[in-house]
Amino acid sequence: MTAALRFDPIRLPEKCEQLRKEVRAFLAEEIAAGTFDPHKPNREDTDVPEFSRKVGERGWLGMTWPKKYGGHERSFLERYVVTEEMRVANAPTRRFFVADRQSGPVLLKYAPEHIKMEILPRICKGEICFAIGMSEPNSGSDLFAAKTRATKTDGGYLINGTKIWTSSAHIADYMIAIFRTSPPTKENRRHGLTQFLVKMKQPGIKVNPIGQITGQYEFNEVVFTDHFIPDDHVLGEIDGAWKQATSELAYERSGPERFLETYYVLTELVRAVGNNPDTRSAEGIGRLVAQVHTMRRMSVSVAGMLQAGKEPVVEASIVKDIGTIWEQQLPHRVRELAAFVEETATNRETLEKQLDFATKTAPKLTIQGGTTEVLRGIIARGLGLR
Amino acid sequence: MAESENIVAETAEKIFADLADAQTINHDKKGEWKAPLWQALTDAGLPLSWVPEDCGGSGASLAEGFSVLSAAGRFAVAVPLAETMLAGWLLAQAKIISPDGEMTVVPASPKDRITVSADGSLSGRARGVPFAKAARHFAVLASDAKGSFSIALVDAGKCRIESGLNLGGDQSDVVTLDKVQPVAIKPAPHGFDQTRLLLMGGVARSLQIAGALESMLEISVRYSNERVAFEKKISKFQAVQHNLARLAGESAAALAAATSAADAISNATSFNDEVFLEATAAKIRCAEAAEKGGGIAHQVHGAIGFTIEHILHRYSLRALAWRDDFGSESYWAVELGKRVCVRGADELWPLVASR
């Protein structure tokens with residue numbers, strides 16, 4: 001068989017189930033204490049520093065990283081369990097999630113030792129927040145079109161230009177960004193980009209919030225004007241960021257956050273329908289549950305591949321492609337079924353509010369972390385079509 | 001996967017490759033390929049994979065048998081291999097020795113019931129029974145007036161069989177039993193019911209559908225790299241690439257759901273809600289994938305894939321036909337939805353995340 005796309009039926013080991021219980025108990029305590037409301041995905045206050053520190057104290061940040069950097073040397077499957085429980089509970093993970101999923105692993109691989117020693121333990125404690133500086137005005141998914149310049153100067157680089165759609169930049173302590181250090185060559189359009197560790201809240205960086213159609217302010221425009229970055233904040237190879245950035249994407253594209261973002265509307269629909277559904281509701285719910293189950297089996301399978309040290313680039317792209325399309329369609333399918341919910345359902349108002357928010361969230365889901373079109377290009381390459 | 005599983009699956013794969021080449025079968029209007037294939041499968045002990053050695057079978061594990069069905073799906077072979085395996089498995093539940101030759105299971109649809117009378121005779125009507133016309137024996141699941149289940153071996157010659165064909169052109173018949181005395185009948189094990197039989201059949205069909213989708217992806221990719229239109233290979237058009245990426249997604253989802261369900265059943269100690277979710281979800285998701293994936297495969301092939309001469313229909317139509325066997329995806333979606341609602345909203349995630 002040419003394609004040989006395998007998604008082995010990985011089962012979570014027993015210690016994951018113990019961990020799951022601990023995470024559920026912790027989240028129940030936090031909900032009881034009023035830290036967050038699991039029925040409100042559209043919290044205004046998604047940045048909850050105190051919650052981040054508590055998650056760090058529990059040992060649930062940097063779970064797979066070496067102990068000498070504050071990590072816990074646990075498995076990707078254990079991390080998977082923590083991530084999915086947090087997501088399903090609508091926990092306020094914004095402050096630590098990007099650092100834990102992506103920025104930390106980049107630093108582990110490419111940062112100089114003293115930077116790792118300084119920053120990674122603080123991520124593990126839930127003290128610091130990261131943003132990712134990839135997109136620029138007029139570049140978007142076309143990473144090679146990035147123009148923001150890093151010009152060599154004494155002891156470092158001067159940064160000039162603008163990043164955009166940067167989630168959490170307004171609260172971030174650091175950003176890992178790619179800047180242009182050389183023009184692309186005729187032979188290699190991907191040449192000339194370099195990855196940097198940017199310390200935010202420094203001179204020469206201005207963060208301008210951009211409102212979203214959900215009513216949230218999560219995106220930002222980040223303008224650099226002669227911002228200085230020291231030499232030891234270069235991550236990896238000068239002009240070689242493209243390869244570094246793409247090799248990390250399996251982590252970003254296959255996790256439970258890539259199919260569970262609107263999951264709460266399904267739970268709320270089941271609540272509204274009650275325990276004696278009519279045939280249409282039962283069939284609709286059954287099909288949706290079959291989908292989420294299948295997505296999760298695929299996602300767990302990719303976590304197993306990561307644990308085994310593989311780089312499942314194509315498999316991760318498939319999970320992201322069908323996962324985000326599913327979570328995008330979910331509020332619309334739930335809306336169709338909700339039309340038949342009794343007026344007297346006690347959670348009707350909650351369901352309607354959630355549907356409103358999920359429907360507004362949906363358009364971004366197939367864009368963030370690689371657009372559907374880009375992902376299908378990667379899958380097509382994996383199939384040998386290009 | 002254990003080493004031994006690979007050997008059983010590799011044996012099946014080799015037999016199919018040698019004797020069930022899709023192109024050859026497609027050109028063989030008289031069906032002369034069937035006898036040598038069935039003989040080779042029988043010689044290898046594959047039709048009775050799931051029958052223990054002391055019941056006349058080859059005593060393969062459930063997982064090994066499922067890997068044979070995966071291979072059978074990739075070749076979309078129209079012989080009653082899955083059906084005979086299921087029948088042997090059903091008979092083995094009651095320690096009834098399996099006879100030689102082709103078998104199938106009755107009933108094959110959730111709406112049909114076979115009843116057993118006080119005198120041990122069987123009555124009832126079962127529709128959509130795959131390969132009933134080709135079978136020498138039926139493995140029958142029947143219930144008495146109290147709702148207790150029995151498993152019986154029945155001589156096909158004692159039943160009335162009305163011939164029918166499914167979408168893929170394979171036998172899908174109506175079987176009527178009118179006070180038929182079985183060759184053997186024994187009580188089913190405690191807790192064994194029609195749902196379990198149908199879901200076992202459903203998982204078998206899910207693996208076959210997933211296998212057919214794997215082949216549809218393969219032949220579609222190959223064709224797109226051969227066919228030239230507008231002065232370039234159609235595989236170089238972005239629209240075609242994106243369609244094939246979607247087909248890969250459907251194929252991967254079907255395979256993931258089906259293999260996960262097979263693994264769940266192979267390792268289950270009881271038939272609980274988690275196993276029910278795995279098995280029903282596989283049938284639902286694979287059926288949806290058959291529709292979407294098959295549509296894309298035909299689109300990539302253009303009009304040529306619509307012709308009887310081309311092999312594509314061997315996979316696409318069977319995948320569509322298999323949706324209906326052992327409960328359609330609509331039926332199982334209702335059953336799964338009801339079970340989810342009875343458990344309640346707060347028990348949904350614990351169910352999904354149970355494994």
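Could you list, in sequence order, the residues of the range B:85-108 that are surrounded by fewer than 21 Cβ atoms within 10 Å (Cβ to Cβ) and of a type in the set (Gly, Ala, Ser)?
If the condition is that a residue be surrounded by fewer than 21 Cβ atoms within 10 Å (Cβ to Cβ) and of a type in the set (Gly, Ala, Ser), then B:GLY101 is the only one that fits.
Any residue that is in a helix (DSSP H, G or I), of a type outside the set (D, E, K, R) and exposed (fewer than 15 other Cβ atoms within 10 Å of the Cβ) - is there at least one of those in the range A:33-45?
no
Which ranges mark the strands (runs of 3 or more DSSP E) fully within the range B:89-135 that have 3 or more residues being over 17 Å from the mean Cα position of the chain (by Cα) and not aromatic (Phe, Trp, Tyr)?
B:114-116, B:122-130
Out of the residues in the range A:289-306 that are at the interface with chain B (Cβ under 8 Å from one of its Cβ atoms) and in contact (Cβ under 8 Å) with a residue 40 or more places away in the chain, state the one that is nearest to A:GLU257 (Cα to Cα).
Only one residue fits best here, namely A:ARG296.
Given the criterion in a helix (DSSP H, G or I) and within 24 Å of B:ILE308 (Cβ to Cβ), identify the matching residue among B:ALA63, B:ALA40, B:ALA35.
Just a single option satisfies the conditions, and that option is B:ALA35.
Can you confirm whether the range A:329-350 contains a residue that is touching a residue at least 60 places away in the same chain (Cβ under 8 Å), within 12 Å of chain B (Cβ to nearest Cβ) and farther than 29 Å from B:SER354 by Cα?
no
With respect to B:ALA184, is the statement that it is within 21 Å of A:ALA290 (Cβ to Cβ) and in contact (Cβ under 8 Å) with a residue 60 or more places away in the chain true?
Answer is no for this residue.
Right, B:ALA290: at the interface with chain A (Cβ under 9 Å from one of its Cβ atoms), buried (at least 24 other Cβ atoms within 10 Å of the Cβ), touching a residue at least 12 places away in the same chain (Cβ under 8 Å) and part of a helix (DSSP H, G or I) or not?
So B:ALA290 does not fit the description; no.
Looking at A:GLY286, A:GLY369, A:GLY384, A:GLY309, can you tell me which residue is surrounded by fewer than 24 Cβ atoms within 10 Å (Cβ to Cβ) and facing chain B (nearest Cβ under 9 Å)?
Residue meeting the stated conditions: A:GLY384.
Quick one: in the range A:133-160, of everything that is assigned to a loop (DSSP other than H, G, I, E, B) and free of Cβ contacts under 8 Å to residues at least 12 places away in the same chain, which residue is surrounded by the fewest Cβ atoms within 10 Å (Cβ to Cβ)?
A:ASP154
So which of A:VAL81, A:VAL48, A:VAL88, A:VAL55 is of a type in the set (A, V, I, L, M) and over 23 Å from A:GLU17 (Cβ atoms)?
Among A:VAL81, A:VAL48, A:VAL88, A:VAL55, only A:VAL48 is of a type in the set (A, V, I, L, M) and over 23 Å from A:GLU17 (Cβ atoms).
Which pairs have Cβ atoms under 9 Å, sit 6 or more apart or on different chains, and link a residue in the range A:253-279 that is modelled with pLDDT of 95 or more to one that is charged (D, E, K, R) and outside any helix (DSSP H, G or I)?
A:ALA272/A:GLU342; A:VAL273/A:GLU342; A:GLY274/A:GLU342
Being of a type outside the set (A, V, I, L, M), within 18 Å of A:GLN102 (Cβ to Cβ) and more than 19 Å from the chain's Cα centre (by Cα) is the requirement here; does A:HIS39 meet it?
no
Quick one: in the range A:230-242, which of the residues that are part of a strand (DSSP E or B) and under 22 Å from A:PRO184 (Cα atoms) is nearest to the chain's Cα centre (by Cα)?
A:LEU235
Just the residues that are in contact (Cβ under 8 Å) with a residue 60 or more places away in the chain and more than 14 Å from chain B (Cβ to nearest Cβ), please, taken from the range A:60-78.
Matches in the range A:60-78: A:LEU61, A:GLY62, A:SER75, A:PHE76.
Go through (1) in contact (Cβ under 8 Å) with a residue 12 or more places away in the chain; (2) not in a helix (DSSP H, G or I) one by one and return the number of the condition B:HIS190 breaks.
Every listed condition holds for B:HIS190 apart from (1).
Which residues, counting only those in the range A:351-366, are part of a helix (DSSP H, G or I) and either of a type in the set (A, V, I, L, M, F, W, C) or within 14 Å of chain B (Cβ to nearest Cβ) (or both)?
A:LEU351, A:GLN354, A:LEU355, A:PHE357, A:ALA358, A:ALA362, A:LEU365
For the range A:161-191, what are the residues that are crowded, with 17+ Cβ neighbours inside 10 Å, modelled with pLDDT of 95 or more and over 19 Å from the mean Cα position of the chain (by Cα)?
Correct list: A:GLY161, A:THR162, A:PHE179, A:ARG180, A:THR181.
Between residues in the range B:101-120 that are touching a residue at least 40 places away in the same chain (Cβ under 8 Å) and residues that are exposed (fewer than 15 other Cβ atoms within 10 Å of the Cβ) and not in a loop (DSSP other than H, G, I, E, B), which pairs lie under 8 Å by C-beta distance while being six or more apart or on different chains?
Correct list of pairs: B:SER117/B:LYS179.
Give the residues of the range B:299-355 that are within 14 Å of chain A (Cβ to nearest Cβ), crowded, with 18+ Cβ neighbours inside 10 Å and among the β-branched types (Val, Ile, Thr), sorted by residue number.
Of everything in the range B:299-355, those that are within 14 Å of chain A (Cβ to nearest Cβ), crowded, with 18+ Cβ neighbours inside 10 Å and among the β-branched types (Val, Ile, Thr) turn out to be B:VAL300, B:VAL334, B:VAL340, B:VAL352.
Given the criteria touching a helix residue (DSSP H, G or I) at 6+ places or on another chain (Cβ under 9 Å), of a type in the set (Lys, Arg) and touching a residue at least 60 places away in the same chain (Cβ under 8 Å), does A:ARG189 qualify?
No: the conditions fail for A:ARG189.
Right, B:ALA118: surrounded by fewer than 24 Cβ atoms within 10 Å (Cβ to Cβ) and within 17 Å of B:ILE151 (Cβ to Cβ) or not?
No.
Out of everything in the range B:223-265 that is of a type in the set (D, E, K, R) and either touching a residue at least 24 places away in the same chain (Cβ under 8 Å) or over 22 Å from A:ASP321 (Cβ atoms) (or both), what residue ends up being surrounded by the most Cβ atoms within 10 Å (Cβ to Cβ)?
Restricting to residues being of a type in the set (D, E, K, R) and either touching a residue at least 24 places away in the same chain (Cβ under 8 Å) or over 22 Å from A:ASP321 (Cβ atoms) (or both), the top hit is B:GLU250.
When only residues in the range A:47-98 that are among the hydrophobic types (A, V, I, L, M, F, W, C) and in a loop (DSSP other than H, G, I, E, B) count, which is surrounded by the most Cβ atoms within 10 Å (Cβ to Cβ)?
Checking each candidate, the answer is A:LEU61.
Can you tell me which residue within the range A:206-222, out of those that are part of a strand (DSSP E or B) and surrounded by 18 or more Cβ atoms within 10 Å (Cβ to Cβ), is modelled with the lowest pLDDT?
Across the range A:206-222, the extreme among qualifying residues is A:GLU218.
The values are calculated or read from the model by the stated rules, or taken from the named source; none is laboratory data. Keep in mind that this is a model prediction, so the values were computed, not measured. Glycine gets a Cβ as well: all are built from the backbone with ideal geometry, and neighbour counts include every protein chain shown.
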